[in-house]
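Input: a single structure, listed below in structure tokens.
Each value in this text was obtained by applying a stated rule to the coordinates, not by laboratory testing. The model shown is predicted, which means the values in this text are computed figures rather than measured ones. All Cβ positions, even for glycine, are placed from backbone atoms using ideal geometry, and neighbour counts span all protein chains on display.
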Amino acid sequence: MEFTTLVQVIINGVLLGGVYALAAFGLSLIFGVSGVLNLAHGEFLMVGGMAVFLLFDALQNVWYVNPFILVAVVAPLFFLVGLVFEKALIQPLTQRKEHVRLASAVLVTLGAALVIEDVADFASRGSQYEKSVDFFIPSLVIGEIYLETNKLVMFGLVLILIVALFIFLRFTYVGLAVQAVTQNRRGALLVGVNTTRINAIAFGIGTALAAVAGGFEVINSMVAPNIGLPLTLKYLCIVVMGGLGSFLGVALGGVIIGLGESFLGFFYPAWSQTVAYLLLVTVLLIRPKGLFGK
Amino acid sequence: MNKAFLFPLVVVGLLLAFPLIEMDARDYILLILFTLFLNIVLAQSYDIVGGQMGYVNLGHIVFFAIGAYAFGIFLNAQLGFVLSLIGGAGASVVFAALISYPFFRLRGAYFSLAAFGLVKLMEYVTINMGALTGGSNGLKIEAGDRVVPIFYLSLAVVVAVVICSWLIGRSQLGLAMKTIREDEEVARDFGVPVLKIKVQALLISSFFPGLMGGLYTWQLQFIDTDQVFGLKIALTPIAMAMLGGSGLLIGPIIGAVFLVGVEELIWTQLAQVHWTVTLLGYEVDIGQFAHLRGAILGLIIVLVGLFMPGGFARLPPVERMLTRAGLMTEDK
Amino acid sequence: MSTRNQNDTHQFGEIITRRKFITLASAAAAGMAVIPLGGSAMAAKTEIVIGATLSQSGRFQGIIRPFGKLLQVWADGINAKGGIYLHKINKTLPIRLVIYDDQSSPPTALKFYERLAAVDKVDFFMGPFTSFITNAALQAAVKHKRPMFMVEANDSAMFEKPNRWRATGLSPAKTEYTRVVQLLAKKGGVKTFALLSRDSLHENQAMEGFGEMVKKAGMEVVYQKIAPKDTRDFSSIILAMKQSKPDVVFIEWIPPPGNIGFLKQARGLGLNPKDVVVGHAPVPVIKALGRSMENVLSALYFFEGDSPHHREFFAMCKKAGFEPWQYSEAGIRYVTFKRIEEALVTAGSLEPEEVRRAMWQSNFSLYNGDIRIKTDKKGYGTLHPWPSQIKNGKPVSLWPLSKGVEIFEHKNGQW
Amino acid sequence: MSAPLMSVRALTVNFSGLRALDRVSFSVNPGKITGIIGPNGAGKTTLFNVIAGHYRPSGGQIIFGERNITGWKSDRVCRLGISRTYQHVRPFLGLSVYNNVKVGFLYGHQAVNWKQKELSQEIASMLEFVGLEGLGEKRAEELIPLNRKRLEVARALATHPRLLLLDELIAGLTPTETLSMMETIRQINAKGITVLMIEHVMKAVMGLSDKVVVLHHGEVIAEGSPAQVAGDQAVIDAYLGAQH
């Protein structure tokens, strides 16, 4: 393998991993705070992507909007969607016994995933099944190395979001409360944290992050009603591999899987999609609580 | 006691006699019943680990898939039907044995997720082992009309899994499994050999989907990974078990009958109805909303998760009815 | 959903009252599901019942959703003329369609074909989409001895064993891109090919065939790989392709997740071959890539022309609400319709055995004789798609070959 | 004096740098009641968890009878004859009272092949002994807190232990309930079962114990008869220090 090729493969992997980590962050935050595995996470990604597409499509003939701006418009809406979703579907579960809560959460979020997918499928009847926006900025070329501008922008945004999230978690009251709840739910409750509110906020942020990732998908590739569950599963791999509730673990998990897919994609594309699941199972067998789990 | 056995016996008797009735729609109904039996077996066998022991095994479908593929491979190797069927179930049990120790080091959500990841992992492994499994070209077996034998065989598997589950529920093993569900640490403190029990439970619960997988291949005659590893196939039986009442013998059956029934009776029919109404000046064909069945199914699952964590069978009126019929087996 | 003929429309078209609806629904719930709503007696035939499933939900809906309507347009067209004349029973019978949604799933399809045969008592099966679903459906055809015209299933796995009850209009999957390769060879200027397919039965075979034909035409395959079905990021595949320096890049991928990702990323990563061939390029793909799709080669199941068949086909698509290129598989449907009409007229009765024989003996030509529709020993047909090239956001057909070579422009890496 | 039933020797437990137990040594004499007291956070429950086999100590030994059981898994420890209750009660909430006790009988000790009928009788008399007669069919979660504690005792006794670890069994009970529970403990002891109990309620510890061990910051600071311990200056300092 030539050096430039190696560099290109690594760049591809890291850029890919960054976007993986973004969506997985949301999922990790939700699990950390509420103890719920949100099987509908990928559906929010899909719907977020669709929202960006629909806005783009509707505005296309009026005036041409950069889809990244639309992503920024859509994200706060999905924060609200997340709040409502949590309020309606997740909050009633939090008081249940652990194994009952796990099972109920599987039921509720899986059911929600089916509803969202099927409604999206049904709504696609009048229009097209796959949705993608036509947006392209020429790539940066350094020697033989190509840097896709779209992906660079995305990666930059991911970094900004992650830093913002970090600052939020470290330096704001709500952020500290989120961390407190993640570490010890009962303890946080005892010191007066309003866990109900924190749950809702975590869900809002998580959902907004999923929608942003969906916007990226629609710019970079496409979304369709049936992509939700497989994506959820891949993000779950990242979250669990890193260690439930560990943000560093998620970032690292995302990049590891991105790199793995990138390298295998170069040599043996047939195995590239296996990486996430193989790593998940392997890591758990060696470290039952993930790379950074406590 | 007599009363408790009467109802199931009558049902099984009627089912046994059904194929003897001369009617045009017989095979169509048999195929629906096969779908029902398939789901009962998957839901009931899932519930041995998921309901009685409290380990939400999101990867239960892997046993079915392995059974399906192994059966096809053995049959194509001229092992004969019976041996292939046993071989398929055997392969599934062996696989369960292989994964049981490492997977049972994981608890709670970690276990569920690793098992869920296993579905996709095994799917890709199956696709990429083309020499054995046919890869994405699928696995094909000798064609033939098997609706009636399949019906009897799958009914037999249903009866077997229900009896097995019932026996476990009454046995010492079942009690140990329930203590693990309630509090694994305490169970261990009181001498329950936790790992051994968990492995036993998983082996038992992997046998029946293995058998059913073989029957599925025999029936469909041409399978690929989408059909046996698909995420919806993986999750529906689990939803059925929880819907009906996880941990109760009758629960998965109720869940499967309900979901398969709703699908067949309402949506297939409603989709044929053209009930046009004028709404805000648009002509709307209500029948086309039958295509939203996936959403309605999802909605039912959500509502059960929210309001009936114990499933239909534990709703007080249903519980009373079932108790009166002697169908409510103890799960305390 | 079920589509119905005009006679039926008079009964069903009026608004069904609420009470009637509730009665119907509750009757259904009570277990009456299996009793057909309009039971057709075995006695004197008054109509030709044709049954099919279409994937109106699930993965394939994006490709074939509007074909329910197209089928109805066809049936309405025939019924407007009174139906099809069957000489042996000396009757002209209208067509009635019964269609179910197979949800893109084989077991569901099998169940519905069983129902079509046993409950709806169809005389003729139209097959579903893809080989897996068709193979499941075929069981019902064989068991109930009803001829099945397999609309979209041409993978060799289906044809290993002889089976008298099925035939298709398509040529084998491996030969799917014969005409595209012909065109490229004739135009000249390209030598090396990079091929990629989605890992599934049909796509793999089509790609393999493409590679074989390329080699036979004296050109070279420098990259040939299969990518897993869930692939969304193609960066590394594109990089590897780029290093093999292909003149032509070919991707065979039935959406979704589609080839959109591949094309977008190929553009971004500087994969600039002389020509790009996209096996399936429906509207969403063209729309997503915008101007970058200019001069991308693709295949259509019809070509531009002005024969009576052309005019009929275009009119049918228009009535069904789409332009033919938007749902290219419509061309396959049209051939199917013609084959079924011909088989019924030739057979002159609804005896399954006679219809079946007529279906196999079929031999007539379509589109000004451009294709001879016949069945070979295995049951394959003779339909290949025709090459096309996207110009101004719309595929332009590159056929006949002499004319096609003239219109054809290399993409020359211009995204 | 006979050999101790259990001796704990220089037991040390570290939790990620934090030393929870520091070279704890003491012994439990057969047939006696030994009390463990100490302020909050002294490491009492950690001590129980190590003895019961929840975690492996960083150093030291636990000798039970003739055997060194250091690092044994809890199911094995239980079958050898050490059983316990929990500070925060943990009955199997979803199971019936009857089945809760049955687990102890079936799994809690070595190789007894119970006949179904015998077993039911044993369980019934056990429930009667702790004062839960007639409640066998109830789910554990339907019991009031006092009865949950009784159930825990019954489940622990069902394993036929030689040593019973009671973790704050009396804390939180009303004065009358306290008296009745103390009586139960005496009766258990009278059956020949050695008891090691953690207790905050001084009256109970002093009234029941033959010997008291005082833990403070993970170390044993006093050991002796109740009277000796009560007069020990280190103990008084520890408690006063804890209270201020």
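List of remarks:
- Structural descriptor for chain B: relative contact order 27 percent, calculated from alpha carbon pairs under 8 angstrom and at least 6 residues apart.
- Sites count as exposed loop sites when they are trypsin sites (Lys or Arg not before Pro), lie in a DSSP loop, and have at most 13 other Cβ atoms within 10 angstrom; the longest stretch of chain C without one is C:146-376.
- Here the Karplus curve 6.51 cos²θ - 1.76 cosθ + 1.60, taken at θ = phi - 60°, turns the phi angles of region C:88-104 into couplings of 5, 9, 6, 9, 9, 10, x, 9, 10, 9, 10, 10, 10, 9, 8, 6, 6 Hz, with x standing for Gly and Pro.
- Residue range of chain D that is longest and free of GluC sites (Glu not before Pro) which are both DSSP loop and sparsely packed (at most 14 other C-beta within 10 Å): D:138-244
- In terms of its C-alpha gyration tensor, region D:131-201 has an oblate overall shape, because the principal axis ratio a/c (a ≥ b ≥ c, square roots of the eigenvalues) is not below 1.5 and a/b does not outweigh b/c.
- The phi-based Karplus calculation (6.51 cos²θ - 1.76 cosθ + 1.60; θ = phi - 60°) puts the 3J(HN,Hα) values of region A:60-72 at 3, 7, 7, 8, 7, 9, 5, x, 5, 5, 4, 4, 5 Hz, whole numbers, x for Gly and Pro.
- In terms of distances greater than 26 angstrom between alpha carbons, the cross-link table entries D:Lys73/D:Lys115; C:Lys91/C:Lys111; C:Lys378/C:Lys403; B:Lys232/C:Lys111 yield D:Lys73/D:Lys115; C:Lys91/C:Lys111; C:Lys378/C:Lys403.
- Helix-only CD estimate at 222 nm, as mean residue ellipticity for chain B, using -39500 (n - 2.57) per DSSP H run (n ≥ 4): -22000 deg cm²/dmol
- Sequence-separation-based contact order of region D:93-160, relative, with Cα cut under 8 Å and 6+ spacing, percent: 56
- Value of [θ]222 nm, deg cm²/dmol, for chain C, DSSP H segments ≥ 4, -39500 (n - 2.57) each, nearest 500: -11500 deg cm²/dmol
- Note on chain B: with charges restricted to the Cβ of Lys and Arg (+1) and Asp and Glu (-1), its dipole about the Cα centre is near 880 debye.
- Sequence-distant residues sharing a close amide H with C:Arg96 (under 5 Å, placed H): C:Ile48, C:Val49, C:Ile50
- For chain C, leaving out every one of the GluC sites (Glu not before Pro) that falls in a DSSP loop and has at most 11 other Cβ atoms within 10 Å, the longest unbroken run is C:161-415.
- C:Arg311/C:Thr92 FRET efficiency (R0 22 Å; Cβ-Cβ; nearest 0.05): 0.40
- A:Tyr173 versus B:Leu9: modelled label distance in nm, points set 7 Å from Cα along the beta carbon direction: 7.0
- Within chain A, helix-based [θ] at 222 nm, where runs of 4 or more DSSP H residues each add -39,500 (n - 2.57), nearest 500: -24500 deg cm²/dmol
- Two-site label geometry, C:Glu212 and D:Ser25: point separation in nm, points 7 Å out along Cα→Cβ: 8.5
- Residue-wise HN-Hα couplings along region B:84-97, as the Karplus relation 6.51 cos²θ - 1.76 cosθ + 1.60 with θ = phi - 60° gives them from phi, are 5, 5, 5, x, x, 5, x, 4, 5, 5, 4, 4, 4, 5 Hz; Gly and Pro carry x.
- The modelled label-to-label distance for the pair A:Gln60/C:Asn295, using points 7 Å beyond Cα in the direction of Cβ, is 2.3 nm.
- Here's how it looks for C:Lys91: its modeled amide H is under 5 Å from those of C:Leu86, which are all 5 or more places away or on a different chain.
- Residues whose placed amide H lies under 5 Å from that of C:Ser365, excluding near-sequence neighbours: C:Ile373
- Chain C, relative contact order in percent, only Cα pairs under 8 angstrom and at least six apart counted: 16
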